[in-house]
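Colleague: Submitted below is the structure of interest, expressed as structure tokens.
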Amino acid sequence: MQGFGNLLEGYRRFRANCYETEKGRWKELAEGQAPRAIVIACCDSRADPATIFDTDPGEIFVVRNVANLVPPFEANGGRHGVSAALEFAVTQLKVPEIMVMGHERCGGIEAALTGCFHGAAAGEGGFVHRWMAQIDGPATEIAETHGTGPDAARMLEELAIRQSLANLRSFPFVQSREQAGNLAILGCHFSISEGQLYLLDEAEDAFRPVTTD
Ligand SMILES: [Zn+2]
């Protein structure tokens, strides 16, 4: 129970610091949320959007999954967690911006690139394999031409962000709002070792470092 104990220590600090000094803000938040951006990020513990964008509760609506992927619009009977979150944030909360954030050394991307869980049973990597199969095509192409090292991983991380942006635009409620100028769609990549964010310039199809001064 050591790990759980550590989490409770954090909770006690939250109560003593963040909650006590911001009680009014929490009362306001209880009435409803009006986040200014949706961030689609990886589950990875090192790439936390609230930390990287220095946001407070109520400011960003975060969807996290393995390798920050947005599947295409599919109106079938599947359990579409990303689609449900997107639909709620875009059509009900009317959030005006969506940011897809990839990151360096992504384990999901590495699994897709190396095929390490190919043929694995559920519980032994099979779930990760099935989820990452969304980018199997480009993963195989990159692995064949560039290998499976850090440069190839970075390529696939960036490609997955581009694919997620394309898939976002396959949702009719996203596409119509973007075309009407009511929704901005952005892609970025976070380098853990440098603490540097790279923003995708879609016109030039290039990731450029965000300046910090
Ligand atoms: Zn990741």
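The values are calculated or read from the model by the stated rules, or taken from the named source; none is laboratory data. Just so it is clear, the structure is predicted and the values come from calculations on it, not from any experiment. Glycine gets a Cβ as well: all are built from the backbone with ideal geometry, and neighbour counts include every protein chain shown. Just the protein is used for accessible areas: all its heavy atoms, side chains included, with ligands, DNA and RNA removed. Shrake-Rupley method; radii C 1.70, N 1.55, O 1.52, S 1.80 Å.
Colleague: Provide a single number: the residues in the range 101-128 that are within 16 Å of the ligand (Cβ to nearest atom) and open to solvent by 50 Å² or more (accessible area, probe 1.4 Å).
Modeller: Residues meeting the conditions: 6.
Colleague: Pairs under 7 Å by beta carbon, first residue under 19 Å from Pro71 (Cβ atoms) in the range 121-144, partner not acidic (Asp, Glu) and not in a helix (DSSP H, G or I), six or more apart or different chains?
Modeller: Close Cβ pairs (under 7 Å, with a partner that is not acidic (Asp, Glu) and not in a helix (DSSP H, G or I)) amount to Gly126/Phe117; Gly126/Ala120; Val128/Phe117; His129/Phe117; His129/His118; His129/Ala120; Gln134/Leu69; Gln134/Pro71.
Colleague: Right, another one. Identify all residues within the range 76-110 that are over 21 Å from Asp48 (Cβ atoms), free of Cβ contacts under 8 Å to residues at least 40 places away in the same chain and of a type outside the set (D, E, K, R); write none if there are none.
Modeller: Asn76, Gly77, Gly78, His80, Ala84, Phe88, Gln92
Colleague: If Glu20 satisfies all but one of (1) modelled with pLDDT of 95 or more; (2) among the acidic types (Asp, Glu); (3) in a helix (DSSP H, G or I), what's the number of the condition it fails?
Modeller: (1)
Colleague: Between residues in the range 13-27 that are open to solvent by 90 Å² or more (accessible area, probe 1.4 Å) and residues that are in a helix (DSSP H, G or I), which pairs lie under 9 Å by C-beta distance while being six or more apart or on different chains?
Modeller: Close Cβ pairs (under 9 Å, with a partner that is in a helix (DSSP H, G or I)) do not exist here.
Colleague: Kindly indicate whether Leu200 is open to solvent by 10 Å² or more (accessible area, probe 1.4 Å) and either within 18 Å of Glu87 (Cβ to Cβ) or touching a residue at least 12 places away in the same chain (Cβ under 8 Å) (or both).
Modeller: yes
Colleague: Something else: Out of the range 87-100, which residues are surrounded by 18 or more Cβ atoms within 10 Å (Cβ to Cβ) and more than 17 Å from Leu159 (Cα to Cα)?
Modeller: Listed by number, the residues that qualify are Ala89, Val90, Val95, Ile98.
Colleague: Considering only residues that are open to solvent by 40 Å² or more (accessible area, probe 1.4 Å) and not small (Gly, Ala, Ser), look in the range 63-86 and name the one that is farthest from the ligand (Cβ to nearest atom).
Modeller: The qualifying residue farthest from the ligand (Cβ to nearest atom) is Asn76.
Colleague: Another question, then. Restricting to the range 158-179, what's the tally of residues that are open to solvent by 10 Å² or more (accessible area, probe 1.4 Å) and in a helix (DSSP H, G or I)?
Modeller: Final tally of qualifying residues: 13.
Colleague: If you go through the range 50-58 one residue at a time, do you hit one that is within 14 Å of the ligand (Cβ to nearest atom), surrounded by 11 or more Cβ atoms within 10 Å (Cβ to Cβ) and within 21 Å of Trp131 (Cβ to Cβ)?
Modeller: Checked the range 50-58: no residue is within 14 Å of the ligand (Cβ to nearest atom), surrounded by 11 or more Cβ atoms within 10 Å (Cβ to Cβ) and within 21 Å of Trp131 (Cβ to Cβ).
Colleague: Would you call Phe117 aromatic (Phe, Trp, Tyr) and either touching a residue at least 60 places away in the same chain (Cβ under 8 Å) or closer than 30 Å to Asp151 by Cα (or both)?
Modeller: Yes; evaluated as a whole, the condition is true for this residue.
Colleague: Select from the range 50-64 the residues that are under 12 Å from Met101 (Cβ atoms) and in contact (Cβ under 8 Å) with a residue 12 or more places away in the chain and list them in ascending order.
Modeller: Within the range 50-64, Ala50, Ile52, Phe53, Ile60, Val62, Val63, Arg64 qualify.
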